[in-house]
């Protein structure tokens, strides 16, 4: 059996959550004997070199399909499908690559490339194939919040287009994957025929003793709360909503250690610049780190913070935090898809910034109350091997 995955980002070097999810779905299928191929129609300003796969195709910044009236960082996904289906060269290239693979199933990772799939079907370039909609989020409400500062007419048009696209894909797909129960309910309301819950997860990590030793030396006894995030605006918003007005509540030798693509963005937020000396002295920005280094930092952290206040779906960084066994401080949105794990000792969900900061400070001061018995079986539920195990059977019956 062959599954063609259509996506808007390469997965050769998975960094952000969407890439990790697709890469692990491909691996899950492979273990079940299902052959996969990924084709990404990607933005070359973000991906290049070894990060790009053999069958991927760039969506050039100068393309007329890049609607210049739209905020590019928010709306390029929406027009990628039109580029793939309507640009003559892109269509010819992508259709040839799809035909050469001859998939039994086309799996849309998010809804964006649906126009291309519709044209493939309409022109009968392939034998009849089934469609899987692998949703990672209900996109329209998220985009509505992110576009709130744009001109009202533009924002409402974009949100309406995204909403219509999601509804069309959900109703057309043979099976739909959802990452949270609330997303599943929305997809059923959209007309999805069969919805399967497959939460986000993580892979098991092994701590690198060399990385552990190096980070211990670098930190020189400073305690820290670990924050991991990609270069995504809502991650910055959530962080400062929960930590503002400043990091002055931390002792001078305590830190919030920031890892990932968000490292540069977080210090440039206006709220951070209001108290620059205090915030900069208590923020340690480590940038993108290897899996080995991240495992070491999770081992050394006094707590892991997941301050999510914007967005839908579920967050892979929450799964990392849960699996680590360290104290976790998040918002209720942080645990979307992982609600059961809030029963674990020292896993806290609060939407009150003052209480969020109090819990972080208590963890750094080693003053959290004694923990109850751990439940390793509950922590294991956040591993990809558990969250995705139903998918091969769901796809297998489509052949």
> What are the pairs, 6+ residues apart or on separate chains, where a residue within region 356-376 that is outside the structural domain of residue 342 (by TED's automatic domain parsing) and closer than 17 Å to residue 331 by Cβ has its Cβ under 6 Å from a residue that is exposed (fewer than 13 other Cβ atoms within 10 Å of the Cβ) and modelled with pLDDT of 95 or more?
Replying inline: none
> What number goes with the only condition from (1) at pLDDT 95 or above; (2) touching a helix residue (DSSP H, G or I) at 6+ places or on another chain (Cβ under 7 Å); (3) within 30 Å of residue 399 (Cβ to Cβ) that residue 20 does not pass?
Replying inline: (1)
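Test residue 324 against the criterion of being modelled with pLDDT under 90 and assigned by TED's automatic domain parsing to the domain that holds residue 231, and give yes or no. Explain how you work it out, then say what you get.
Details: modelled with pLDDT under 90: no; assigned by TED's automatic domain parsing to the domain that holds residue 231: yes.
For residue 324, the condition - modelled with pLDDT under 90 and assigned by TED's automatic domain parsing to the domain that holds residue 231 - is not met.
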> Under the condition of being modelled with pLDDT under 95, under 23 Å from residue 337 (Cα atoms) and not in a helix (DSSP H, G or I), which residue from region 135-170 is farthest from the chain's Cα centre (by Cα)?
Replying inline: 138
> In region 366-399, which residue that is in contact with a strand residue (DSSP E or B) (Cβ under 8 Å, 6 or more places away or on another chain) and assigned to a helix (DSSP H, G or I) is nearest to residue 250 (Cα to Cα)?
Replying inline: 382
>> Out of the strands (runs of 3 or more DSSP E) lying entirely within region 171-254, which hold 2 or more residues that are crowded, with 20+ Cβ neighbours inside 10 Å, assigned by TED's automatic domain parsing to the domain that holds residue 18 and in contact with a helix residue (DSSP H, G or I) (Cβ under 8 Å, 6 or more places away or on another chain)?
In response: 175-178
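Does residue 394 satisfy the condition of being modelled with pLDDT under 90 and more than 26 Å from residue 282 (Cα to Cα)? Show your work before the answer.
Values: modelled with pLDDT under 90: no; more than 26 Å from residue 282 (Cα to Cα): yes.
No: the conditions fail for residue 394.
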> When region 336-355 is examined, which residues are found to be closer than 10 Å to residue 307 by Cα and touching a strand residue (DSSP E or B) at 6+ places or on another chain (Cβ under 6 Å)?
Replying inline: 349
> closer than 19 Å to residue 354 by Cα and either out of contact with any strand residue (DSSP E or B) (no Cβ under 8 Å at 6 or more places or on another chain) or in the same structural domain as residue 354 (by TED's automatic domain parsing) (or both) - does that describe any residue in region 258-269?
Replying inline: no
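The values are calculated or read from the model by the stated rules, or taken from the named source; none is laboratory data. Computed from a predicted model, the values in this text were never measured in an experiment. Neighbour counts run over all protein chains shown; Cβ positions are idealised from the backbone, glycine included.
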